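This report concerns only the one structure given below.
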Amino acid sequence: MRRDLRPYRLHRFQSLVASWWVDHFIKPQLDACGEGLQVIGPRHFHISGPNIKIGRHLHAMALTEAPVRLSVFESMGEITIGDFTLLNPGVRITSARAIKVGKNCMLAMNSSISDADWHDVQHRIFAPGRASEVVLEDNVWLGEGARVLKGVTIGENTIVGAGSVVASSLPADVIAAGNPARVIKSLDSKERTVREALFGMEVPYQQFADELMRQRLGRNTWRRWVLNLLFPSQRD
């Protein structure tokens, strides 16, 4: 579909179904969950294992071909994700020791974090191999397809370029890229806007988001939406 032709009421219904799914199937699997959890495509948001905690206003989008996966290996690890963090399609966080993601972090499509080797170099029978804690401090942004490996700490406000492999720790306020990721630029720590700002507006975020969708979809009709499903065209 070239344009979103859903009627606003259909969007509202889909949002209510997604909220019900989150409450019924996702939250009961979490050890802790702050207010405001929102998941687009919650059927493809997969949780495996205990010791998974998420903060307030975590937003995630999961697709059939790119599910979001939070996995703890045989109760050996733990995953903690801070407030206002964003998880995009295909994100994988897999722990056998401990993974801590700070608040206001953004994990782009198909990025991953792992705190273990999963097999020893010589003895490859038993998992998880060597494991070491991973920490993403506040406001870290992982670009598309970035990989964060065991024992790494990424400093506050740092950006990791798309496709990079982070095998050793990175300082705060830098852009890093490559395989292995290396610092390529410094950032001004005073010039930053974080996702938390969305929730500090005069209008509550949920009301703001709903009004935005009403403006986008308010003129769409059921007839046009059904016709486009059956007979898609370049006009739509």
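The values are calculated or read from the model by the stated rules, or taken from the named source; none is laboratory data. Source: prediction; values computed, not measured. Cβ placement follows ideal geometry from the backbone for every residue including glycine, while neighbour counts extend to all protein chains displayed.
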- Task: Within the range 71-96, work out how many residues are touching a helix residue (DSSP H, G or I) at 6+ places or on another chain (Cβ under 9 Å) and within 29 Å of ARG130 (Cβ to Cβ).
- Result: 4
- Message: I'd like the full set of residues that are surrounded by fewer than 23 Cβ atoms within 10 Å (Cβ to Cβ) and under 17 Å from ILE154 (Cα atoms), limited to the range 51-81.
- Response: THR80
- Query: If you check THR85, THR64, which single one turns out to be hydroxyl-bearing (Ser, Thr, Tyr), over 21 Å from GLY151 (Cβ atoms) and over 13 Å from the mean Cα position of the chain (by Cα)?
  - Reply: THR64
- Query: Within the group ALA167, ALA177, ALA197, which residue is closer than 18 Å to GLU137 by Cα, of a type in the set (Gly, Ala, Ser), loosely packed, with under 14 Cβ neighbours inside 10 Å and within 22 Å of the chain's Cα centre (by Cα)?
  - Reply: ALA197
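Condition check ((1) of a type in the set (Phe, Trp, Tyr); (2) assigned to a helix (DSSP H, G or I); (3) outside the structural domain of LYS103 (by TED's automatic domain parsing)) across all residues:
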{"position": "ARG2", "(1), (2), (3)": "no, no, yes"}
{"position": "LEU5", "(1), (2), (3)": "no, no, yes"}
{"position": "LEU10", "(1), (2), (3)": "no, yes, yes"}
{"position": "GLN14", "(1), (2), (3)": "no, yes, yes"}
{"position": "ALA18", "(1), (2), (3)": "no, yes, yes"}
{"position": "TRP21", "(1), (2), (3)": "yes, yes, yes"}
{"position": "ARG43", "(1), (2), (3)": "no, yes, no"}
{"position": "ILE47", "(1), (2), (3)": "no, no, no"}
- LYS185 fails exactly one of the following numbered conditions: (1) surrounded by 17 or more Cβ atoms within 10 Å (Cβ to Cβ); (2) charged (D, E, K, R); (3) in a strand (DSSP E or B). What is the number of that condition? (1)
